[in-house]
Amino acid sequence: MDQIKATLPVDGGDLRLDPKIARALGEDLAGDYCFAEPFPHIVIDDFLPKELAEAILQNFPQASSRDKRFEDGYTGLHKRQVFPGDCSAYHRNLFGFFNSAPVLQFLEGLTTIQGLVSDPYFDGGGYHEISTGGKLGIHADFRVNERLHLQRRLNMLIYLNKDWQPEWGGELELWDRQMQGKAKGVAPLFNRCVVFSTDATSFHGHPDPLACPLDVTRKSIALYYYTGSKGIYEEVPANSTDYRARPTDDAAVRAEARRQRRGNQMKDWLPPILLRGLRRIREGTKG
């Protein structure tokens, strides 16, 4: 497996990330992502600043009665899922960062998918932990978030396993689109990030039972990202902001509101190319 190392330049103290720098980093890696087989994906080592990755591992949530547990055999065995909202402020801030505009900018630059939306409900996401003997069968993920009415487009996984040994298994397997053979295995190593596109045939999982010691678990962060549909323009007429004066406003305010409304109505009616031409003419007149 080709090794790619790239670190998001996050200020770990307050989780600040410049969106322009984040997007540029994503664009630098876009070729590796878009042309990967068996489907678009990338494996990035040293993904988070070392201090941040260490802090996340040290703060990994302890088991709680609120956790969602899976004991369903091939579809999920000995798996614990932790919703970030059930955790402390540290974890809520961390996952707020993963859902933030700078991270979306990184992912848009990386994948060339525009208009990405994060999931505030973390449906299926959050912290994942799998114990000895646990597994997750090969699958392609659900494609529509029925709560948000959005299309699922990306998975981002960040592994938190130090000193993981090959004989313990736990590789993320990526399978070809015909389910005829494994195309790649990705060991769940500490501070390794995997991003991949989700569609009807992006088959993945770790189907063999973990062989790690009883005091070791396979830890990760799982994040899912979505896009809306341009069909919204057919369902809801688009219009610009509609300013209205109050009956008690004076003549000057009423006139200003009318001007704004007429200007916005013109924007709604005229083709964008004509609007750009009018704007250039107006700017030339001012000059």
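The values are calculated or read from the model by the stated rules, or taken from the named source; none is laboratory data. No experiment lies behind these values; they were computed from the predicted model shown. Quick reminder, even Gly has a Cβ in these numbers, built from the backbone with ideal geometry, and neighbours come from all protein chains shown.
The residues on offer are 4, 21, 44, 56, and the sole one that is free of Cβ contacts under 8 Å to residues at least 40 places away in the same chain, surrounded by 13 or more Cβ atoms within 10 Å (Cβ to Cβ) and aliphatic (A, V, I, L, M) is 21.
Looking at segment 219-235, which of its residues are part of a strand (DSSP E or B) and among the basic types (Lys, Arg)?
Within segment 219-235, the subset part of a strand (DSSP E or B) is 219-227.
Within segment 219-235, just 219 meets the criteria.
Restricting 165, 81 to residues that are surrounded by fewer than 20 Cβ atoms within 10 Å (Cβ to Cβ), in contact (Cβ under 8 Å) with a residue 12 or more places away in the chain and more than 24 Å from residue 50 (Cβ to Cβ) narrows the list to 81. One residue stands out among those in segment 207-255 that are surrounded by fewer than 10 Cβ atoms within 10 Å (Cβ to Cβ) and among the hydroxyl-bearing types (Ser, Thr, Tyr): the one that is modelled with the lowest pLDDT, which is 233.
Can you find even one residue in segment 43-51 that is part of a helix (DSSP H, G or I), at pLDDT 95 or above, of a type in the set (Val, Ile, Thr) and assigned by TED's automatic domain parsing to the domain that holds residue 90? Scanning segment 43-51 turns up no residue that is part of a helix (DSSP H, G or I), at pLDDT 95 or above, of a type in the set (Val, Ile, Thr) and assigned by TED's automatic domain parsing to the domain that holds residue 90.
Which of the residues spanning segment 189-218 are aliphatic (A, V, I, L, M), under 20 Å from residue 163 (Cα atoms) and in a loop (DSSP other than H, G, I, E, B)? So that I can check it myself, show each step before the final result.
Start the filter on segment 189-218 by keeping residues that are aliphatic (A, V, I, L, M), which leaves 189, 194-195, 200, 210-211, 214, 216.
Of the ones still in play, those that are also under 20 Å from residue 163 (Cα atoms) are 189, 194, 210-211, 214, 216.
Once the filter is applied, which keeps residues that are aliphatic (A, V, I, L, M), under 20 Å from residue 163 (Cα atoms) and in a loop (DSSP other than H, G, I, E, B), segment 189-218 yields 189, 210, 211, 214, 216.
Just give me the residues in segment 122-144 being under 14 Å from residue 203 (Cβ atoms) and in a strand (DSSP E or B), in sequence order. Scanning segment 122-144 gives 136, 137, 138, 139.
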